[in-house]
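Have a look at the structure below before the remarks.
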Amino acid sequence: QSTWGRSRLATDSMLFFSFFKSLVGKDVVVELKNDLSIKGKLHSVDQFLNFKLDDITVLEPSKYPHLISVKNCFIRGSVVRYVHLAAKDVEVDLLQDATRRDTKYK
């Protein structure tokens, strides 16, 4: 991988990092690659897109009864499949501007 490729990946991940940082304190549903979905309040996110969630609930408690009593969790970014967000929490104009700026310099 070239230096340009690594730089582009860093820029792309920083865009997502900044976006998710703007959602701290909001409710999200994180779907993992093992099909487990966890709903909670986003407490923090880091540059590796690891998430910390508070006040969590598992969306299929009958399938994962051992997680019913868990209230907070850390989710490694590499195991995340999707992050579901409420439409009202996404500032579409800011996101579109950021992606336009990002593609303008490529």
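The values are calculated or read from the model by the stated rules, or taken from the named source; none is laboratory data. What you see is a predicted model, and the numbers here were worked out from it, not measured in a lab. Cβ sites come from the backbone with ideal geometry, for glycine too, and all protein chains shown count toward neighbours. Please note that ligands, DNA and RNA were not included when accessible areas were found on the heavy atoms of the full protein model with its side chains. Shrake-Rupley method; radii C 1.70, N 1.55, O 1.52, S 1.80 Å.
Every residue in the stretch 55-82 that is assigned to a loop (DSSP other than H, G, I, E, B), among the small types (Gly, Ala, Ser) and in contact with a strand residue (DSSP E or B) (Cβ under 9 Å, 6 or more places away or on another chain), please.
Of the residues in the stretch 55-82, the ones assigned to a loop (DSSP other than H, G, I, E, B) are 59-64, 68-72, 76.
Okay, now just the ones that are also among the small types (Gly, Ala, Ser), so 62, 69.
Answer for the stretch 55-82, where residues must be assigned to a loop (DSSP other than H, G, I, E, B), among the small types (Gly, Ala, Ser) and in contact with a strand residue (DSSP E or B) (Cβ under 9 Å, 6 or more places away or on another chain): there is none.
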- Query: So which residues in the stretch 37-54 are under 10 Å from the mean Cα position of the chain (by Cα), surrounded by fewer than 15 Cβ atoms within 10 Å (Cβ to Cβ) and assigned to a strand (DSSP E or B)?
  - Reply: SER44
- Task: Determine, yes or no, whether LEU95 is at pLDDT below 95, surrounded by 14 or more Cβ atoms within 10 Å (Cβ to Cβ), assigned to a loop (DSSP other than H, G, I, E, B) and touching a helix residue (DSSP H, G or I) at 6+ places or on another chain (Cβ under 7 Å).
- Result: no
- Query: List the pairs whose first member sits in the stretch 78-94 and is more than 16 Å from LYS41 (Cβ to Cβ), whose second member is assigned to a loop (DSSP other than H, G, I, E, B) and open to solvent by 90 Å² or more (accessible area, probe 1.4 Å), and whose Cβ atoms are under 7 Å apart, counting only residues at least 6 apart or on separate chains?
  - Reply: VAL79/LYS33; ARG81/LYS33
